[in-house]
1. Which residues, counting only those in region 54-79, are surrounded by 22 or more Cβ atoms within 10 Å (Cβ to Cβ) and assigned to a strand (DSSP E or B)?
2. Going by the structure shown, is Val89 farther than 28 Å from Val196 by Cα and assigned to a strand (DSSP E or B)?
3. Keeping to region 203-234, report how many residues are open to solvent by 20 Å² or more (accessible area, probe 1.4 Å), out of contact with any Leu (no Cβ under 7 Å at 6 or more places or on another chain) and either without any contact (Cβ under 8 Å) to a residue 24 or more places away in the chain or farther than 25 Å from Glu38 by Cβ (or both).
4. Being open to solvent by less than 10 Å² (accessible area, probe 1.4 Å) and under 21 Å from Ser251 (Cα atoms) is the filter here, so list the residues in region 160-196 that pass it.
5. How many residues, within region 146-159, are open to solvent by less than 40 Å² (accessible area, probe 1.4 Å) and out of contact with any strand residue (DSSP E or B) (no Cβ under 6 Å at 6 or more places or on another chain)?
6. Consider Val113 carefully, then state whether it is hydrophobic (A, V, I, L, M, F, W, C), touching a Lys or Arg at 6+ places or on another chain (Cβ under 9 Å) and open to solvent by less than 30 Å² (accessible area, probe 1.4 Å).
7. Of the residues Leu126, Leu138, Leu51, only one is more than 17 Å from Ile174 (Cβ to Cβ), buried (at least 18 other Cβ atoms within 10 Å of the Cβ) and touching a residue at least 40 places away in the same chain (Cβ under 8 Å); which?
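The values are calculated or read from the model by the stated rules, or taken from the named source; none is laboratory data. From a predicted model like this one, the values you see are computed outputs, not experimental measurements. A quick note on method: Cβ atoms are made from the backbone with ideal geometry, for glycine too, and the neighbour counts reach across all protein chains shown. Just the protein is used for accessible areas: all its heavy atoms, side chains included, with ligands, DNA and RNA removed. Shrake-Rupley method; radii C 1.70, N 1.55, O 1.52, S 1.80 Å.
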Amino acid sequence: MKKFLFAFAAVLFFLAPATAQAAPPSYGSGEREQTEKETQLEQIRQTVQALQPLTDETAARIAGHNVRVRNYSDADSMGLIYVSEGSGVVMAVDGNMAYIVSAAHCLRRAHTVVQFADGAEYEAFLAYLNPEKDVGFLLVPCAQLAPETRAAILPAAGADAAQIGKKQGEPLCIVNSVLSPNGQVVGGVLDSFSVVYPNNPNQRVLQFLSTVSYGSSGGGVYSQEGVWVGIVSGGDTYGVCWAVPYGDILSEFQAWLAGLAQQAAVAA
């Protein structure tokens, strides 16, 4: 990973040398590992900062794709309401519905409100949830959407990173909508098309390096050209992050639609 980061720095003409020296031989393995992780995080921070001008350009192109997601419970016996904050991506809009994808772990409670790019908020209903893939689909009836909201929505055009020819070390943009649909867009770099997910050994995910933070779960991961390549699912505290790849999201969406069509055929 260090080799990759320094190679990327050569392209950007920016990434500073490591800020910490190698741990002395007297360090325990745990302390050496901690020092290496902190050095790695500092390198990632510098890379993200160097990417910001490119990221800002991409952010303007993808603004209509992104939504803020607030998922909340009914009041409990003490009157407390529990809220999960997250992000989401507009997958499609037809004559009936706006279809939004978010991370399943952000959608565990009974009620959901989404905020679109124009700032308007709407009740959404959960149509599909697969915790094993960390994918959930929300629907908002188009009849409820104001003309201004319809004009602000722009479904994301997606593809897997490998499909569009991305390579390890190429820039990405990651959206955190915890405060507003496009509240924070940060840079990152592609690390691997497919790794075993530390949070689920039965799943493979896209791995990238960035400084994403709380609320980015479900948020779009984009190429610098604005192609949607996945949604944020998790990350460690040292800049290694994971996303459900676009192809997996599309497969879940198609399987859900096929199930609906089968149910309709049986009912008929």
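1. Within region 54-79, Asn66, Val67, Arg68, Val69, Asn71 meet the criteria.
2. Values: farther than 28 Å from Val196 by Cα: no; assigned to a strand (DSSP E or B): yes.
No.
3. To start, the set of residues in region 203-234 that are open to solvent by 20 Å² or more (accessible area, probe 1.4 Å) comprises 204, 207, 211-214, 217, 224-225, 227.
From what's left, out of contact with any Leu (no Cβ under 7 Å at 6 or more places or on another chain): 204, 207, 211-214, 217, 225, 227.
Filter again for either without any contact (Cβ under 8 Å) to a residue 24 or more places away in the chain or farther than 25 Å from Glu38 by Cβ (or both), leaving 204, 225, 227.
Count: 3.
4. Ala161
5. Here the count works out to 4.
6. So Val113 fits the description; yes.
7. Leu138
Matching residues to (1) of a type outside the set (Val, Ile, Thr); (2) more than 11 Å from the chain's Cα centre (by Cα):
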residue: Ser180; (1), (2): yes, yes
residue: Val195; (1), (2): no, yes
residue: Asn200; (1), (2): yes, yes
residue: Ser217; (1), (2): yes, no
residue: Gln224; (1), (2): yes, yes
